[in-house]
Amino acid sequence: MPLYDYQAKHPEHGCAYCKHPFEMMRRLDEPPLKQCPKCGADLVKLISAPALARSKSKLDDRAKAAGFHKLKRVDKGAFEKLY
């Protein structure tokens with residue numbers, strides 16, 4: 001289930017929970033929240049970046065274990081072998 005970020009439409013009227021952005025896990029077929037579940041203040045759905053980061057170190061470790069080599073460009077046409 002995806003995480004959605006919400007915040008009070010008017011933070012000065014919200015509670016301690018919705019005054020600052022908070023995450024809520026909701027099913028895709030559920031409509032977005034309109035009111036704070038704790039105080040009933042109007043909410044807005046925030047746009048947030050997805051967490052798609054991959055661990056570069058693990059990728060390097062797996063490539064090295066599989067026998068691949070990693071090269072770093074040091075000059076035009078010259079490369080240095082890192083592993």
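Do you know the Lys pair count in the chain for C-alpha distances under 22 Å, with sequence separation 8 or more or different chains?
19
Show me, for segment 34-44, the HN-Hα J-couplings you get by feeding each phi into the Karplus relation (A = 6.51, B = -1.76, C = 1.60, θ = phi - 60°), rounded to Hz, glycine and proline as x.
With the stated coefficients, segment 34-44 comes to 10, 9, 4, x, 9, 10, x, 5, 5, 10, 10 Hz.
Determine the dipole magnitude for the chain: charges of +1 sit on the beta-carbon of Lys and Arg, -1 on that of Asp and Glu, nothing else is charged, the reference point is the Cα centre, and the result goes in debye to the nearest 20.
Details: 17 positive and 10 negative charges, 104 e Å.
Rounded to the nearest 20 debye, it is 500 debye.
Which one of I47, M1, F68 is farthest out on the positive end of the charge dipole of the chain, using unit charges on Cβ (Lys, Arg +1; Asp, Glu -1) and the Cα centre as origin?
In the chain, that residue is F68.
Build a GNM of the chain with springs between Cα atoms under 10 Å: which of A51, A63, A16 gets the top mean-square fluctuation?
Result for the chain, Cα springs under 10 Å: A63 fluctuates most.
Tell me, what is the percent relative contact order of the chain, built from C-alpha pairs under 8 Å that lie six or more residues apart? Write out the running numbers ahead of the final one.
On the way: 107 pairs, mean separation 20.1, N = 83.
Relative contact order, the chain: 24 percent.
If V74, V44 are ordered by their accessible area, calculated over protein heavy atoms with a 1.4 Å probe, which sequence runs from highest to lowest?
Values: V74 85, V44 50 Å².
Descending accessible area places them as V74, V44.
The values are calculated or read from the model by the stated rules, or taken from the named source; none is laboratory data. Given the structure is predicted, the values throughout are model-derived calculations rather than measurements. In this analysis, Cβ positions are derived from the backbone assuming ideal geometry, glycine residues included, and neighbour counts consider all displayed protein chains. Note: accessible area is taken over every heavy atom of the protein model, side chains too, but ligands, DNA and RNA are not part of it. Shrake-Rupley method; radii C 1.70, N 1.55, O 1.52, S 1.80 Å.
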